[in-house]
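The values are calculated or read from the model by the stated rules, or taken from the named source; none is laboratory data. Just so it is clear, the model here is predicted, and its values are computed rather than measured. Cβ placement follows ideal geometry from the backbone for every residue including glycine, while neighbour counts extend to all protein chains displayed. The accessibility values were calculated without ligands, DNA or RNA, using every heavy atom of the protein model including side chains. Shrake-Rupley method; radii C 1.70, N 1.55, O 1.52, S 1.80 Å.
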Amino acid sequence: VCFMPGVHGARLTYGYYSYADYNFPPKTIVFWGFNPTATDIVEYEEILNAVKRGSKLIVIDPIENEISKIADVWIRLRPGTDLAFCLGMMNVIIDENLFDRPFVGTWTVGFSRLRDHLKNYDPEKVAELTWVPKVMIQKAARLYALKRPGYIRWGNGIETTMNSFQTCRAISILRAIVGNLGVPGGEVKYSLPGGL
């Protein structure tokens with residue numbers, strides 16, 4: 001119900017649960033169903049520092065909060081439609097050739113099947129499902145794909161829905177197609193001291 005959909009979704013998609021490299025910092029930070037002002041004050045301080053250093057901030061959350069007030073883009077989607085929104089973002093990124101072609105060609109499998117599947121999630125249809133205007137879907141997708149490296153931090157807001165596991169898998173795929181895995185300022189692998 002909490003945390004495990006994300007852990008398993010990421011591990012089954014690309015092998016590890018990722019964390020932000022705030023030291024770089026990321027050029028784009030996405031908070032998806034996560035409000036660090038209420039749940040993770042230490043990370044909130046890191047976010048504020050990253051924003052001061054030029055990071056752009058996308059917040060995907062139906063509820064207004066302190067972090068949505070400072071966001072460059074606030075996506076106020078219909079609760080429970082996170083999976084559709086993610087598929088819509090990927091549709092825009094792939095349709096506009098904003099994906100990381102070398103990374104996708106070297107490190108992924110099934111990209112052509114993904115492209116075919118995403119044809120069912122054009123921005124017009126996703127706008128109807130999510131209540132997010134088409135232009136905002138495109139804006140979020142373009143910002144995340146073009147201002148790299150980026151980091152997505154999801155929270156209980158998506159991990160407690162009926163589609164939690166598939167939503168986490170979709171977000172993991174989104175991270176991969178723009179090449180944000182294993183790069184400074186992107187999604188890095190966490191390890192304990194001694195490499196455990």
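Numbers at a glance
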read-out: Where the chain is the region considered: accessible area per residue in Å², 1.4 Å probe; value: 49 Å²
read-out: Hz values of 3J(HN,Hα) by residue in region 166-178 - Karplus curve (6.51, -1.76, 1.60), Gly and Pro given as x; value: 5, 5, 5, 5, 4, 5, 4, 5, 4, 4, 5, 5, 9
read-out: About the Cα centre, charge dipole magnitude for the chain (Lys/Arg +1, Asp/Glu -1 at Cβ), debye; value: 460 debye
read-out: Carbon/sulfur fraction of accessible area - the chain, other protein chains in place, 1.4 Å, %; value: 55 percent
read-out: Lysine pair count for region 84-196 [Cα-Cα under 17 Å; pairs on different chains or 8 or more apart]; value: 4
read-out: Phi-based couplings in Hz for region 104-118 (Karplus 6.51, -1.76, 1.60; Gly and Pro marked x); value: 4, x, 8, 10, 10, 10, x, 5, 5, 5, 4, 4, 5, 4, 6
read-out: GNM top mover of Ile47, Ile75, Ile93 - the chain, alpha-carbon springs below 10 Å; value: Ile47
read-out: Farthest positive-ward along the chain dipole, Cα basis, beta-carbon charges - from Pro5, Pro123, Ile29; value: Pro123
read-out: Choice from Met136, Met90, Met162 with maximal GNM fluctuation in the chain (Cα, 10 Å cutoff); value: Met162
read-out: Cα extents of region 82-126 along the three principal axes, largest first (Å); value: 31, 17, 17
read-out: Dipole magnitude (debye, nearest 20) for region 109-170, charges at Cβ of Lys, Arg, Asp, Glu; value: 320 debye
read-out: Cα gyration tensor shape of the chain, rounded if a/c is under 1.5, else prolate or oblate by comparing a/b with b/c; value: rounded
read-out: Cα gyration tensor shape for region 37-106, rounded if a/c is under 1.5, else prolate or oblate; value: oblate
